[in-house]
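The values are calculated or read from the model by the stated rules, or taken from the named source; none is laboratory data. Since this is a predicted model, take the numbers as computed values, not measurements. Don't worry about glycine lacking a Cβ; one is built from the backbone with ideal geometry, like all the others, and counts go over all protein chains shown.
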Amino acid sequence: MKPVFFAVLVGVLLGRSAQAADDAAMLEDLVYCLVCHGYEAQGNPSVGGPSLIGIEDWYLNAALAAYRSGSRGGYAAAMDMQAAARQLPESEMPRVRTLLSLLSGSVDQGAAVADAATLQRGKLAWAQHCASCHGADGEGNEAMAAPALRRLNDWYLQAAWQAYVDGGRGANGGPAAAQMAQLARSLPASVDIAAVVAFLKQAR
Amino acid sequence: MTGMLAALGAMPHSATAQTVTLRPARPQRKVLLLGAGISSLMAAFELEQAGYVCEILEASHRAGGRCMTLRSGDIVDEIGNRQVCRFDDDPTLYFNAGPSRIPHEHATVLGYCQRLGVPLETSVNLNPAAWLQFDAFNGGQRMRQKQYIADARGFMAELTQKGLDDAWLDAELGESDRDLLRQFLRSYGDLGAGDRYRGSTRSGYSSGGLVAPGVLRDTTALKDLLKADFWRMGMHFAESSLQSAVLQPVGGMDRIVSAVTARLRSKPRLHSVVVGIDVQPDGVEVQYRERGELRRTRADYCLSAIPAQLLLGVDNNFSADYRRLLAGRPRGKLSRLGLQMRERFWEAEGIYGGISWTGQDITQIMYPSGGFGGRKGVLVGAYILSGEINDRWVNLTSDERIERALQQGEKLHPGYRSYFESGVSVAWHRMNHMLGCTATGSDPGTAAALRAPFGRHYLIGDQVANYGGWLEASVLSALAALQDLDAKEVEAA
Ligand SMILES: Cc1cc2nc3c(=O)[nH]c(=O)nc-3n(C[C@H](O)[C@H](O)[C@H](O)COP(=O)(O)OP(=O)(O)OC[C@H]3O[C@@H](n4cnc5c(N)ncnc54)[C@H](O)[C@@H]3O)c2cc1C
């Protein structure tokens, strides 16, 4: 149980101001986002919806647009999200952002911690192959259309990587997605992605 | 306890009704029930009888979970495919989008139907007069199941008869039994002279029969019979618990839900999404959002029917092991589609209830087992079991699904589309607050570990049974939890 979460929502929603009533109504409508992404947007590994906590506005828009148009790809997880995105009118985007700002859970990462050698390997690989676009600590770079990665669940990072490698993601996407897919597919097999993920986990 | 757990493990072959006798509750003992599935509702019913205070929290706009019957005006909350059921406003025109059959062995559920006053009728599950249709068989033309079955059995009996080896017969059976076996095979296959199979009245006549002399149908060669995948599933599906007769509540499966809910003092709180579960030494605290507003409640015990795949998105203090088990539950996939037809044209074809099987994506057409001879009727126009087909089907809009169902139904019933009035479709793996359903059969170790309470929190529902996908499993899981809760209370008193 997270006391912060309580304080925010109880404060905002039980105040019973007009604003609070509106927020409650919005949460009621949009709560289906959280069915798949975790009820505090912390991520749900069984459904495959990643954490949305701290997601950048520009990337949220870009990702939803890609699902809506179908350009994210046709792999199973993307199709679950596509159904949700197509149900959400574009005019609702500001409300989605408010919804996410009302939640203050933290990304669900599981307990496993990597050993020092793995972390070091991950750090080096990150600096060499990823940092130029995603930032030194995985904080993201809008200018490169590269989202922050350190705010994401470890299982999702693995799955997203795999989707690029398998070709499900990036094939029909815009130039940004194509670039990332190209990179994932041409990376030497010796680069240990699990170690990169371990590095990102503690870069938060 | 042992009896109940054993029954859970042995599903679906437990034939005696399980009951639970709870000792009277101490004053103000409270139990929280999460998710108003059939397991929670039956548990609340028992608990209230014993004097417990219950509170049931349900995320969606309705109680019943997968036990869902659709009628005029009902909402289908499938993500990306929200629909309103547009059937005529007539209680006989209903569609069981989830469960539709109660096998005779599911004595606990049948027992509750009796106690709650839910009238039952037989559901014609197996109907040899219904069709089979497979593109690789019979030129893709439909055939009556009884014709296929008679030929298949006839040729199998003939083959066996031919292959019987005298030395083996003497050793195994001796002279008198050996003769009995030969007679058995003649009867089993309806063999004619020389123990050859040349067709059978069991296939139905091609003409005549009652007044004019009957003309036997031509047989279909054994090698052709093998081409119809009918023998993989449709031919034998009704030989375990799903045998004819199975039972159904008159008017729709959700009659069980309304009957038990009517008897509850505390009705399920709808639109109340559980978002946090904190298991404490002497109770369980739960946070939920009711129409968006965050609330908090607490009880001495908590029984949760929230599907494992969604429970992982609920903030919780379960152990890492317990969470790993939850994560290991697969998201089962099942789809059904209901079609209101302006005439019961299938009855003009001699089909009263039962199922036609096809190799097309719709897999089955199920005919209503009630309202015979009436005007309109609702068909189950698709009941898709295969994971692979379900992966494709779920990504169609409901209009596209209906269009395919009409197209494919045409091969079983020429003119099918012309009877169509309105349709509604449910893919359980995309339904809001479900996102999957328990698949039949699961790893017994995982199921048992999930059944064990986590402190005062019990996971219930068919998701913790060895043999999921049955109301009986859901209810038995709840009774097993109650028995354990009762024992804990005795210890504490
Ligand atoms: C297509 C189909 C056909 C079937 N056919 C048969 C049949 O013929 N015979 C038979 O006996 N059985 C059949 N079954 C199985 C039967 O439907 C189930 O075993 C039974 O209904 C499951 O009940 P339950 O209580 O275990 O859970 P569910 O019915 O799954 O209930 C779970 C509840 O939890 C709620 N919930 C989810 N998240 C939250 C949250 N965060 N907070 C609060 N509530 C939440 C859901 O809305 C739901 O109401 C069938 C199932 C399907 C899908």
Tally of residues being within 14 Å of the ligand (Cβ to nearest atom), among the β-branched types (Val, Ile, Thr) and more than 15 Å from the chain's Cα centre (by Cα) across segment B:73-121: 5
Filter result (small (Gly, Ala, Ser), more than 6 Å from the ligand (Cβ to nearest atom) and in contact (Cβ under 8 Å) with a residue 24 or more places away in the chain) within segment B:449-472: B:ALA449, B:GLY455, B:ALA465, B:GLY468
Any chance B:VAL475 is surrounded by fewer than 22 Cβ atoms within 10 Å (Cβ to Cβ), more than 14 Å from chain A (Cβ to nearest Cβ), in contact (Cβ under 8 Å) with a residue 24 or more places away in the chain and not in a loop (DSSP other than H, G, I, E, B): no
Some residue of segment B:474-484 being under 22 Å from B:GLN280 (Cα atoms), at pLDDT 95 or above and away from the ligand (no atom under 16 Å from the Cβ): yes
Options B:LEU264, B:LEU311, B:LEU303, B:LEU247: the member that is among the aliphatic types (A, V, I, L, M), more than 8 Å from every other protein chain (Cβ to nearest Cβ), surrounded by fewer than 22 Cβ atoms within 10 Å (Cβ to Cβ) and within 13 Å of the ligand (Cβ to nearest atom): B:LEU247
Selection count where residues are within 7 Å of chain B (Cβ to nearest Cβ) and either surrounded by fewer than 16 Cβ atoms within 10 Å (Cβ to Cβ) or not hydrophobic (A, V, I, L, M, F, W, C) (or both), scope segment A:82-91: 2
Residue in segment B:29-51 that is within 14 Å of another protein chain (Cβ to nearest Cβ), of a type in the set (Gly, Ala, Ser) and either within 16 Å of the ligand (Cβ to nearest atom) or not in a loop (DSSP other than H, G, I, E, B) (or both) present: yes
Positions within segment A:33-64 being among the aliphatic types (A, V, I, L, M) and over 9 Å from the mean Cα position of the chain (by Cα), in sequence order: A:LEU34, A:VAL35, A:ALA41, A:VAL47, A:ALA62, A:ALA63, A:LEU64
Residue check, B:THR363 away from chain A (no Cβ under 14 Å) and within 16 Å of the ligand (Cβ to nearest atom): yes
Breaking point among (1) loosely packed, with under 15 Cβ neighbours inside 10 Å; (2) under 25 Å from B:VAL124 (Cβ atoms); (3) within 16 Å of the ligand (Cβ to nearest atom), for B:GLY381: (1)
Hits in segment A:142-159 (condition: farther than 20 Å from A:SER106 by Cα and without any contact (Cβ under 8 Å) to a residue 40 or more places away in the chain): A:ALA143, A:MET144, A:ALA146
Counted residues, segment A:40-81 - those being charged (D, E, K, R) and either crowded, with 22+ Cβ neighbours inside 10 Å or in contact with a strand residue (DSSP E or B) (Cβ under 9 Å, 6 or more places away or on another chain) (or both): 3
